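**Q** Right, I'll just put the structure down here and ask away after.
Readers should treat all values here as calculations from the given coordinates under stated rules, not as data from a laboratory. Since the structure is predicted, the reported quantities are computational estimates derived from the model, not experimental observations. Glycine also receives a Cβ, built like all others from the backbone with ideal geometry; neighbour counts cover every protein chain displayed.
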Amino acid sequence: MRFGLALLALLAALLAALQVGAADYGLQDVLKDETARTVMLEIRLPRLIVAALAGAALSAAGVLSQGLFRNPLASPSILGTEAGASLAAAFAFHAGLAFAAWWTLPLAAFGGALASTAVLFALARRGERNRPTPLATLLLAGFALNALLGAGTSLLLSLLLEDFQRSSAALHWLLGGFAGKGAEHIPTIALPAVLGFALAVRLAPRLDALSLGEDVAQSLAVDLASMRRATFGAVALLVGGAAAVSGAVPFVGLVVPHLTRSMAGPRHGTLLVLSTVNGATLMLLCDLVARTIRSPRELEVGVITALLGAPFFLALLLRKDRP
Amino acid sequence: MLDGRGRKVVLEAPPQRIVSGSLASDEILLALFASSGQSGRLAAVSSLADDPRYSNVVAAAKTVKGRFGEGLETALALKPDLAVLASFNKPETIDRLEKAQVRCFVLGGFTTLDEIAANVTALGELTQLKKDAGALNAVFAKARMAAWAGAVRLPRRPKVLGYLGDAAGNGALTLAARGSLFDALIEEAGGENLASSLGLTGWPTVSAEVLAGLAPDVVVTGGDGTPEALRQTLQNAPGWKAMKSLARAKMIVVPDRELGATSPYVASALTKISQGLAQEIAPGLSP
Amino acid sequence: MIAIQASDLVVRLGARAVLERVDASFARGTVTALVGPNGAGKTTFLRTLAGLTRASAGSVEIEGSNVATMTAQARALRLAWVPTPEPPPFPYTVLETVKLGRFARHEGRPRAADEEAALRSLAAVGLPTFASRLVTELSGGELARVAVARGLAAETDLVLLDEPTASLDVAAALRLLILLRQLAAAGRTIVLSLHDLSVAYRYADHVVMLGAGRVVAAGPPRDALTPASLRAAFGVSAQIARTADGREALFFDPE
């Protein structure tokens with residue numbers, strides 16, 4: 001029932017997104033007009049698929065992060081994954097690699113995401129002799145890592161400013177968006193997203209047990225170390241895949257699981273599946289706004305998600321603090 | 001005389017220690033002083049003058065010791081008697097210089113060829129090299145006349161897209177539209193800028209879907225590659241690859257330092273675009 | 001018969017020795033109260049018994065097998081760990097939460113037997129009507145009882161509880177202790193840490209008193225909780241008073 005509703009919403013969002021765009025074509029024109037066919041099938045549809053997959057991946061990563069940190073206001077970005085992707089991308093722009101072929105930038109972003117997550121994981125495992133690193137330490141380490149990676153990105157950007165074209169390209173990327181994404185980007189996101197999702201599904205029951213506390217979960221035969229490892233890995237795959245095709249799109253990973261929890265309940269299995277569907281829906285809608293609000297110009301979708309997400313986050317915080 | 005801000009700038013004597021804070025003024029001042037052998041009057045040029053990607057005066061700039069970055073201290077240490085800046089220099093930079101008793105002349109517009117000629121005239125007056133400024137503008141005007149003559153001979157207005165890099169094939173599809181100097185070049189060369197016809201202004205980043213629906217005769221961009229390399233890039237780029245006219249459209253690649261110049265050096269870009277349009281529409285008319 | 005035994009246990013956290021050469025054994029079918037001043041090492045001792053904190057030296061054995069080398073699964077089927085509850089982050093229902101106590105048996109796919117056990121435990125802690133309530137909306141006392149129910153639902157021989165009565169009112173605390181006594185009578189082994197020494201005195205079969213990481217007294221309440229041992233461990237003056245009907249109670253005065 002809930003799943004049916006979510007799927008229905010996704011379908012509606014997909015149809016709306018297919019129907020409206022910068023070029024004045026809709027589904028009804030596909031059979032009539034060759035240009036319409038090209039625009040719809042080669043430009044609009046692949047982009048929508050990429051956007052939906054990225055939204056789904058970010059949301060699944062959000063479910064994992066909130067479960068791992070036992071905090072409904074956690075976002076996958078606290079693992080430094082997005083910041084790592086951004087730094088690697090900024091480096092690719094700086095070194096000119098980004099301009100060599102279509103796949104260099106996605107590859108760099110994906111690699112950066114994996115590397116930064118691995119660094120945080122290594123930090124998290126230090127001093128794990130007697131008991132796992134406390135979550136609070138992990139959070140602070142993530143915060144510090146984020147700051148460091150962000151500083152690196154800023155440094156590269158400031159060096160890039162002298163080069164107008166590259167810095168403008170880098171800024172576009174850092175703002176996060178799906179402009180010009182095509183069929184070749186579908187496997188770029190689909191592969192890590194499917195892998196990450198498969199891992200996440202296996203992790204879901206253990207995340208339920210973890211909600212009782214790390215100690216209790218451990219006493220229930222949950223292997224915390226291997227679970228953390230798998231969760232970090234899945235988040236890196238999901239967020240890295242999304243960053244590879246869209247740059248940094250903020251707040252989706254935070255907002256979608258949170259919203260979905262109120263319709264699906266807290267159990268991570270259901271939550272994961274429904275958040276994945278809802279994430280795709282939300283991203284399609286945000287991208288629809290980004291594509292059409294200033295048509296034929298485009299806004300970066302990251303701007304839209306932040307504009308929607310930040311006030312939502314504030315509202316959540318305030319509601320949570322109310323007695 | 002009035003500068004681009006409408007402020008009155010009075011100089012008692014011809015300035016002898018000028019610092020130039022923009023590539024536009026670097027290029028104009030170096031051209032003026034070179035013809036009269038007075039480059040010593042320039043105490044500093046902007047650091048962009050040394051960058052061969054954007055500067056047409058790399059060699060001439062070597063004769064000037066000082067560099068005007070954003071570092072005000074180094075600029076002031078040169079004890080300038082005049083600072084020539086552009087409207088896009090940071091306002092606080094201009095403010096600090098004036099508080100330090102340095103006279104500032106701020107150049108106004110850079111978006112039409114007339115404005116560039118007016119900047120040359122103004123700097124000629126300021127440095128009391130009116131004759132050299134006149135000569136520089138005469139060469140500039142000649143190139144514009146040649147482009148105009150070419151435009152008149154065109155049997156129809158070719159449809160042109162001016163294109164500023166595509167952000168790593170990631171689809172940041174940035175076009176030149178009304179209000180940009182690039183657009184002015186296309187218009188003066190006799191082309192119809194499709195981006196401006198869409199009602200766009202400035203340097204808009206457009207949807208790939210829009211590009212797919214356009215059918216330009218000519219694509220102009222900045223860079224150092226060959227026209228064929230550009231065609232290859234576009235054939236793999238989002239939006240462009242769906243464009244039906246891409247295979248037969250004429251590709252014109254102009255070095256960035258010419259296309260992006262905000263000085264009379266931009267005339268080279270105008271000439272290249274003009275000649276390209278003539279070849280596209282009326283092959284054989286141009287050499 | 002000894003259900004769980006600590007021998008020569010040393011636990012260091014960082015440079016600090018929290019437990020030093022602790023020997024203690026817990027007989028099957030008894031309720032043992034672990035008492036001692038703040039920082040004496042009660043929670044660390046319980047965690048070490050539960051296999052959650054690794055001993056630097058010495059061992060913990062459950063009926064002859066070493067806790068440290070047991071698989072997590074085997075350990076989870078033999079003992080349940082009930083720490084003082086933290087505020088739950090997500091709005092699970094009470095029943096879902098209690099069923100999670102049997103995670104080692106169902107690994108996330110609870111069956112009918114798991115649900116029945118969960119409902120039985122809920123009834124046992126006096127919350128039979130709470131099954132569909134959300135844990136995020138419970139009071140501290142209710143949450144503590146849900147935590148105990150979760151531990152009981154695992155149906156393990158051993159139940160280790162850290163301060164289970166800390167947030168309970170007097171009636172709820174009494175009900176819980178009576179329940180624990182019944183479980184012990186049915187053959188389970190209960191070890192719980194307590195701050196309330198009078199409660200330990202009246203309801204425990206056995207008391208282990210810790211002070212600064214060592215066992216300072218152990219035995220039946222009357223033998224372990226003596227004015228001398230209490231003064232040594234807590235620095236208070238204790239008296240044992242006898243009521244008209246022959247029951248004994250502890251009273252404390254500052255020294």
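**Q** For chain B, what does -39500 (n - 2.57) per DSSP helix run (n ≥ 4), summed and divided by total residues, give at 222 nm, in deg cm²/dmol to the nearest 500?
**A** On the way: 12 runs with 117 residues, N = 287.
Taken over chain B, the calculation gives -12000 deg cm²/dmol.
**Q** Given Cβ point charges of +1 (Lys, Arg) and -1 (Asp, Glu) and nothing else, what value in debye, to the nearest 20, does the dipole of the stretch A:192-308 about its Cα centre take? Don't skip to the end; give the middle numbers.
**A** On the way: 9 positive and 7 negative charges, 36 e Å.
Magnitude of the dipole: close to 180 debye.
**Q** About its Cα centre, how strong a charge dipole does the protein assembly as shown have in debye, to the nearest 20, once Lys and Arg get +1 and Asp and Glu get -1 at the Cβ?
**A** 560
**Q** Per-residue counts of other Cβ atoms within 10 Å, averaged by peptide: what ranking do you get for C:31-40, A:32-41, highest first? Don't jump to the answer; show the numbers that get you there.
**A** Values: C:31-40: 21.7, A:32-41: 16.8.
In decreasing order of mean packing, C:31-40, A:32-41 become C:31-40, A:32-41.
**Q** I've got another one for you. Considering only the other residues whose Cβ falls under 15 Å of the Cβ of residue A:156, what net charge follows from Lys and Arg at +1 and Asp and Glu at -1? Intermediate values should be presented prior to the final figure.
**A** Values: positive: A:166; negative: A:162, A:163.
Here the charged neighbours net out to -1.
**Q** Continuing with the same structure: Please compute one quarter of the surface area of the Cα convex hull for the stretch C:2-146 and express it in square nanometres.
**A** Numbers: hull surface 40.3 nm².
Orientation-averaged projected area of the Cα hull: 10.1 nm².
**Q** Between residue C:136 and residue C:73, what is the label-to-label distance in nm when each label sits 7 Å out along the Cα-to-Cβ direction?
**A** The two pseudo-label positions are separated by 3.4 nm.
**Q** Enumerate the whole-percent occupancy of each 5 Å bin, from 0 to the last occupied one, for all C-alpha pair distances of the stretch A:171-309.
**A** 2, 10, 16, 20, 18, 14, 9, 6, 3, 1, 0, 0
**Q** Moving on to the next point. Anyone know which of A:46, A:311, A:257 comes out most mobile in the 10 Å Cα GNM of chain A?
**A** Highest fluctuation of the listed residues: A:311.
**Q** When the Cα atoms of the stretch C:201-240 are enclosed in a convex hull and the volume is divided per residue, what value in Å³ results?
**A** Numbers: hull volume 2.4 nm³, N = 40.
Given the Cα convex hull of the stretch C:201-240, per-residue volume reads 59 Å³.
**Q** Ok, one more. Over all distinct Cα pairs, what is the inverse of the mean 1/r for chain B, reported as the Kirkwood hydrodynamic radius in Å? Could you put the intermediate results ahead of the total?
**A** On the way: mean 1/r = 0.0499 Å⁻¹.
With all distinct Cα pairs of chain B included, I get 20.0 Å.
**Q** So what's the back-of-envelope 222 nm ellipticity for chain C, counting only DSSP H runs of four-plus at -39500 (n - 2.57) apiece and dividing by all residues, rounded to 500?
**A** On the way: 10 runs with 88 residues, N = 255.
That comes out to -9500 deg cm²/dmol.
**Q** Students often forget the sequence filter, so: which lysines lie under 24 Å Cα-Cα from residue B:241 once same-chain residues fewer than 8 apart are removed?
**A** A:32, A:181, B:159, B:250
**Q** Count the DSSP beta bridges whose two residues both fall in chain B, then state the antiparallel fraction as a percent rounded to the nearest 5. Show your work: numbers first, answer last.
**A** On the way: 4 of 28 bridges.
In chain B, DSSP labels about 15 percent of beta bridges as antiparallel.
**Q** So what's chain C giving for Cα Rg divided by 2.2 N^0.38 Å, two decimals?
**A** Numbers: Rg = 18.3 Å, N = 255, 2.2 N^0.38 = 18.1 Å.
The value comes to 1.01.
**Q** Compute the projected area of the convex hull of the Cα atoms of the stretch A:1-94, averaged over all viewing directions, and report it in nm² to one decimal place.
**A** The Cα convex hull of the stretch A:1-94, projected and averaged over all directions, gives 9.1 nm².
**Q** Here is a follow-up. For the stretch A:241-298, take the alpha-carbon Rg, divide it by the Kirkwood Rh, and send me Rg/Rh.
**A** On the way: Rg = 13.3 Å, Rh = 12.5 Å.
Here the Rg-to-Rh quotient is 1.06.
**Q** Something else about it: Compute the orientation-averaged projected area for chain A from the convex hull of its Cα atoms and round it to one decimal in nm². All intermediate terms of the calculation are to be shown ahead of the outcome.
**A** On the way: hull surface 70.4 nm².
About 17.6 nm², averaged over all directions.
**Q** ³J(HN,Hα) across the stretch A:188-198 via Karplus (A = 6.51, B = -1.76, C = 1.60, θ = phi - 60°), whole Hz, x for Gly/Pro?
**A** 4, 8, 5, 4, x, 5, 5, 4, x, 5, 4
**Q** Straight-line reach from residue B:8: which lysines have a Cα under 20 Å away, not including same-chain ones fewer than 8 places off?
**A** Answer for residue B:8, where 20 Å is the Cα cut-off: B:90, B:99, B:130, listed by chain and number.
**Q** Okay, next question. Calculate for chain A the 222 nm mean residue ellipticity that helices alone would give, adding -39,500 (n - 2.57) per DSSP H run of length 4 or more and normalising by residue count, nearest 500 deg cm²/dmol. Mind showing how you got there, number by number?
**A** Working: 13 runs with 235 residues, N = 323.
The per-residue figure over chain A is -24500 deg cm²/dmol.
**Q** Let me ask something additional. How large is the translational diffusion coefficient of the stretch B:176-281 in µm² per second when you combine the Kirkwood radius over alpha carbon pairs with Stokes-Einstein at 10 °C and 1.306 mPa s? Don't jump to the answer; show the numbers that get you there.
**A** Working: Rh = 14.0 Å.
The estimated diffusion coefficient comes to 113 µm²/s.
**Q** Let me ask you something else. Along Cα→Cβ, 7 Å out, is where each label goes; now give me the distance between the ones at residue A:122 and residue A:33 in nm to one decimal.
**A** Here the modelled spin labels are 5.5 nm apart.
**Q** What percent does the relative contact order of the stretch A:186-307 come to when contacts are Cα pairs within less than 8 Å and at least six residues apart?
**A** Working: 109 pairs, mean separation 33.0, N = 122.
Once divided by the residue count of the stretch A:186-307, the mean separation gives 27 percent.
**Q** For each of B:46, A:246, A:219, count neighbouring Cβ atoms within 10 Å of the residue's Cβ, then give the residues from fewest to most. Don't skip to the end; give the middle numbers.
**A** Numbers: B:46 26, A:246 33, A:219 30.
Lowest count first: B:46, A:219, A:246.
**Q** Out of A:5, B:108, C:204, whose Cα points farthest toward the positive end of the dipole of the protein assembly as shown (charges: +1 Lys, Arg; -1 Asp, Glu; placed on Cβ)?
**A** Value: C:204.
**Q** Running Debye on the protein assembly as shown with equal point scatterers at the Cα sites and no solvent, what base-10 log of I(q)/I(0) appears at q = 0.08, 0.09, 0.11 Å⁻¹?
**A** Rounded to two decimals, the profile gives -0.82, -0.93, -1.19.
**Q** Using Cβ counts within 10 Å as a stand-in for footprinting exposure, how do B:209, B:92 rank, fewest first? It would help to have the intermediate numbers written out before the result.
**A** Values: B:209 27, B:92 10.
Placing the least packed residue first, the sequence is B:92, B:209.
**Q** Then there is this: How high is the relative contact order of chain B, in percent, counting Cα pairs under 8 Å that sit 6 or more residues apart? Could the numbers behind the result be given before it?
**A** Details: 552 pairs, mean separation 49.7, N = 287.
17 percent.
**Q** Give me A:24, C:196 ranked fewest to most by other Cβ atoms within 10 Å of their Cβ, as a rough exposure proxy. List each step's numbers first, then the result.
**A** Values: A:24 14, C:196 18.
Least crowded to most crowded, the residues run A:24, C:196.
**Q** Okay, next question. Obtain the radius of gyration and the Kirkwood radius of the stretch A:37-135 from its C-alpha atoms and give Rg over Rh.
**A** Values: Rg = 17.3 Å, Rh = 15.7 Å.
When Rh is taken as the Kirkwood radius, the ratio is 1.10.
**Q** Restricting to Cα pairs below 8 Å that are 6+ residues apart, what does the relative contact order work out to for the stretch C:25-80? Please round to a whole percent. All intermediate terms of the calculation are to be shown ahead of the outcome.
**A** Details: 26 pairs, mean separation 11.6, N = 56.
Relative CO of the stretch C:25-80 lands at 21 percent.
**Q** Please report, for the Cα atoms of the stretch B:37-138, the Rg to one decimal and the Dmax as a whole number; what are they, in angstrom?
**A** Rg and Dmax of the stretch B:37-138, Cα atoms, are 13.9, 38 Å.
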